[in-house]
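**Student:** Here it is: the structure, laid out below.
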Amino acid sequence: MPKPQANPEDEDPTPYLFVSLEQKRIDQTKPYDAKKSCWVPDEKEGFVLGEIRGTKGDLVTVLVPGGEEKSFKKELVNQVNPPKYEKVEDMADLTYLNDAAVLHNLKQRYYAKLIYTYSGLFCVAINPYKRFPVYTNRCAKLYRGKRRNEVPPHIFAISDGAYVNMLTNHENQSMLITGESGAGKTENTKKVIAYFATVGASTKKPSEEQQKKGTLEDQVVQTNPVLEAFGNAKTVRNDNSSRFGKFIRIHFGPTGKLAGADIETYLLEKARVISQQSLERSYHIFYQIMSGAVSGLKGMCCLSEDIKDYYYVSQGKLTIPNVDDGEELTLTDVTQCLLSNNINEYNFVAQGKTTIPNVDDGEECRLTDVSG
Ligand SMILES: Nc1ncnc2c1ncn2[C@@H]1O[C@H](COP(=O)(O)OP(=O)(O)OP(=O)(O)O)[C@@H](O)[C@H]1O
Ligand SMILES: [Mg+2]
């Protein structure tokens, strides 16, 4: 993922962060009757707004949209919040905190292009499946050094809070990013890393060697394409699904400058290497190599021109809509992790010993039936 560039012409993020005054005015004039308005369950919508018509014992008669009157058990009828809470930034502020109220608030904010909402200490993110200009440098600046209640909900506000707490309390901080497949965990994690890389960037001029290798901030941000190439794959639910868990630790120096990062990975889905469902794919790296975008790589791996020659990786889809495997291969740092002749340059395998006494790796390779 490229580092956000300082660009004075970054698009204005405010329509994607704040409710407009006009919208606020419309929201305040919503019809509301504290005694009659209610949420009732609906098969299609989850919950719909109804109007209480009467109560008989345990049953409440409610006028539902469409003009029909229906009876519901008392415990299924939920109270509605006054209009001043419409599209509220923190759902902990709601007078009535029930499933219907939470879903309504998240949905209305989402329709208004507001993808982040707080629920107490949590920040709920909804996947927009669209690039909103809320991760630009201009937007990051809006959050730097601000308190949570001074700025609208955002993953940057959470990140900045953690950064400031680390500096003031001298304590490690952690963020848990969780959700179902396709929810946006990986995308948000990348934004958090990029934010830390920006706020913790060194102000020193990079040395010549650094310029060649990229600054530390660049290196930290650039670990992602490599990780994703080897550990992400197309699934039915997500074209870039992470098939492993990860714990990312970012280190800072005493003044808050970035000092390094390490990543621990867990539970890679191994079955995908040899079998895929018809709408899925194995790990991106195979298809990236097969794209031929880096000359010499296919030859080095003794690969043919036709991916169908390789049954283990060609049982499902072979391409992903709107993804150019060749372009992705150039983002995956192939020179560092695939093309080197020196094993010590392969960080993944060279973290410990690279030879075993009395074992000839060449001989072992011939014994392992690689061609078969
Ligand atoms: N904030 C966002 N802005 C724009 N697009 C997004 C955002 N979040 C998610 N997406 C889109 O949704 C896709 C799926 O998101 P992501 O890969 O982050 O899901 P995930 O939670 O990591 O899923 P999995 O558990 O399968 O790894 C992304 O490839 C991207 O296209
Ligand atoms: Mg993911």
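**Student:** Answer yes if at least one residue in region 21-31 is modelled with pLDDT of 95 or more and part of a loop (DSSP other than H, G, I, E, B), and no otherwise.
**Tutor:** no
**Student:** Further question: Could you please let me know if Leu176 is farther than 28 Å from Pro13 by Cα, within 16 Å of ligand 1 (Cβ to nearest atom) and either within 14 Å of the chain's Cα centre (by Cα) or not charged (D, E, K, R) (or both)?
**Tutor:** In short, no.
**Student:** Could you please find all residues in region 260-270 being surrounded by 10 or more Cβ atoms within 10 Å (Cβ to Cβ) and either of a type in the set (Lys, Arg) or over 19 Å from Gln351 (Cβ atoms) (or both)?
**Tutor:** Glu269
**Student:** Can you pull out the residues in region 89-111 that are out of contact with any Phe, Trp or Tyr (no Cβ under 9 Å at 6 or more places or on another chain) and within 19 Å of Glu22 (Cα to Cα)?
**Tutor:** Lys107, Gln108, Tyr110, Tyr111
**Student:** I'm told Gly316 meets every condition in (1) open to solvent by 70 Å² or more (accessible area, probe 1.4 Å); (2) at pLDDT 95 or above except one. Can you identify the failing condition by its number?
**Tutor:** Of everything listed in (1) open to solvent by 70 Å² or more (accessible area, probe 1.4 Å); (2) at pLDDT 95 or above, Gly316 misses just condition (1).
**Student:** Of all the residues that make up region 249-279, how many are within 13 Å of ligand 1 (Cβ to nearest atom), aliphatic (A, V, I, L, M) and in contact with a strand residue (DSSP E or B) (Cβ under 8 Å, 6 or more places away or on another chain)?
**Tutor:** 1
**Student:** How about region 27-50: which of its residues are of a type in the set (A, V, I, L, M, F, W, C) and exposed (fewer than 13 other Cβ atoms within 10 Å of the Cβ)?
**Tutor:** Ala34
**Student:** Check region 224-236 and report whether any residue there is open to solvent by 50 Å² or more (accessible area, probe 1.4 Å), more than 8 Å from ligand 1 (Cβ to nearest atom) and among the polar types (S, T, N, Q).
**Tutor:** no
**Student:** Would region 127-149 turn up any residue that is surrounded by fewer than 20 Cβ atoms within 10 Å (Cβ to Cβ) and hydroxyl-bearing (Ser, Thr, Tyr)?
**Tutor:** Yes, some residue in region 127-149 is surrounded by fewer than 20 Cβ atoms within 10 Å (Cβ to Cβ) and hydroxyl-bearing (Ser, Thr, Tyr).
The values are calculated or read from the model by the stated rules, or taken from the named source; none is laboratory data. Given the structure is predicted, the values throughout are model-derived calculations rather than measurements. Backbone-built Cβ (ideal geometry, glycine too); neighbour counts: all protein chains shown. Accessible surface areas use protein heavy atoms only, side chains included; no ligands, DNA or RNA. Shrake-Rupley method; radii C 1.70, N 1.55, O 1.52, S 1.80 Å.
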